[in-house]
Amino acid sequence: MIRVVQLSDTHFAQDGHRSHRGFGYDTDAAFAAVHERAFGPEREAIDYVVITGDVVDNGLDVEYEKASAHLRTIPHALRLTPGNHDFHEPFQRGVMPLSATQDRAFECDNWLFVLADSNHNGKVPDGDGGWVDAEDRVEKAGGMLGPHERAWIDEQIAASDAEHVWIWVHHPPGMHIKGFTVSAYDNEIAELLEAHDRIRGIGAGHVHTDAIREFAERAVHVCPALTINLDYETFTLLPPGFRRYRFHPDGRVDSECELIDDPRWPRRRIPSLGVRYLLGDEAWREWRTSRPKR
């Protein structure tokens, strides 16, 4: 059995700043609390720690210096894939050297793990046949593999004899949350899953919540963030957290989320204007008329 801890959306910010334009949690404190819970001496053995993007808040070198200092304290092999807040070159300089290997696809026992980049929407052609970050990459919240990344995933799976495959990405498909849903990306992932019956599921982050959803007859496991976690059913703020996995030799996958309940991160209702931003005007009006009164 392979044991993995997933962190996502750590959103480390430079000293004196908080993520999400100052509205986020203190991610230094959140990381310390998660570190103690996830990697304490009495916890079960861990084979890998996977971080599925948005390692920092604004893609700045100074933020990656902060992130690197924190991530170096994790006493297990790290694997990383970027999010829309992670600009390519600073990410490669700042935290990729911490990865156990630069290979984004690796085998362990009879499993193949593929760390895919779902940030094609945040890239533009460089004029020489390659791609560079768009200036507004952070705002490109919707996922997309693009043809090159999709072809690379196909090649990795075809080259492996592993019985089971697991895909790690930043963006989860099929979440149906305003601002996070891109039908073209859902179609990409559905086609990928249809093409490869060895794929057992997907681990992702991005939407700052705890969820396990079925998509195209596979499970999508979503990891909470270290900042501004949300329950999208009750519109309640949640404390920071992480997710544990156990990958079994027969292809079964167990995972559970652990949230760090603490007075520093109280569970409280999101203000109505915040719900309106998340839902959009029409759905917000419907929510206001249907929700139970306090």
| query | If packing is taken as the mean number of other Cβ atoms within 10 Å per residue, what is the order of 181-191, 6-16, 239-249, 256-266, highest first? | reply | 6-16, 239-249, 181-191, 256-266
| query | Considering only Phe113, Ala195, Leu71, whose Cα is most displaced toward the positive end of the charge dipole of the chain, charges sitting on Cβ of Lys, Arg (+1) and Asp, Glu (-1)? | reply | Leu71
| note | For region 50-135, shape from the Cα gyration tensor axes a ≥ b ≥ c, cut at a/c of 1.5 then a/b versus b/c, turns out oblate
| request: Subtracting the Cα-Cα distance from 0.36 nm times the residue separation, let me have the gained length for Ala45 to Asp128 in nm, one decimal. | output: 25.3 nm
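Using only the Cα atoms of region 84-201, build the gyration tensor, take square roots of its eigenvalues as a ≥ b ≥ c, and label the shape rounded, prolate or oblate: rounded if a/c is under 1.5, else prolate if a/b is larger than b/c, else oblate. Write out the running numbers ahead of the final one.
Details: a/c = 1.77, a/b = 1.24, b/c = 1.42.
Judged from the Cα gyration tensor, region 84-201 comes out oblate (a/c at least 1.5, b/c at or above a/b).
Please identify the trypsin sites (Lys or Arg not before Pro) of region 30-100 that satisfy two criteria: DSSP loop assignment and at most 13 other Cβ atoms within 10 Å. Which are they? Display every interim value, and only then the final one.
Details: sites: Arg37, Arg43, Lys66, Arg72, Arg79, Arg93; in loops: Arg43, Arg72.
Sparse-neighbourhood loop trypsin sites (Lys or Arg not before Pro): Arg43, Arg72.
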| remark: At q = 0.14, 0.16, 0.17 Å⁻¹, the log10 of I(q)/I(0) for region 2-290 from a Debye sum over equal Cα scatterers comes to -1.03, -1.38, -1.56
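When a footprinting reagent is the concern and you count Cβ atoms within 10 Å, what order do Ile167, Ile74 take, fewest first? It would help to have the intermediate numbers written out before the result.
Values: Ile167 26, Ile74 18.
Ranking Ile167, Ile74 by Cβ neighbours within 10 Å, fewest first, gives Ile74, Ile167.
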| field | Segment Arg276-Glu135, extension gain: residue separation times 0.36 nm, minus the distance between their alpha carbons | value | 48.0 nm
| Can you give the FRET efficiency for Thr289 and Glu194, using 1/(1 + (r/R0)^6), R0 = 41 Å, r = Cβ-Cβ distance, to the nearest 0.05? | 0.55
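Determine the shape class of region 5-74: with a ≥ b ≥ c the square roots of the Cα gyration tensor eigenvalues, call it rounded for a/c under 1.5, and otherwise prolate if a/b is greater than b/c, oblate otherwise. List each step's numbers first, then the result.
Details: a/c = 2.18, a/b = 1.84, b/c = 1.19.
It comes out prolate by the Cα gyration axes.
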| said: Out of all DSSP beta bridges in the chain, what portion is antiparallel? Express it as a percent rounded to 5. | reply: 55
| said: Taking the beta-carbon count within 10 Å as an exposure proxy, list Glu149, Glu107, Glu194 from fewest neighbours to most. | reply: Glu194, Glu107, Glu149
| message | Contact order normalised by length for region 2-290, with contacts defined as Cα pairs under 8 Å and 6 or more residues apart; what percent is it? | response | 19
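Values in this text are rule-based calculations from the coordinates and carry no lab data. These numbers come from a predicted model, not from an experiment. So basically every Cβ, Gly included, is an ideal-geometry build from the backbone, and we count neighbours across all protein chains shown.
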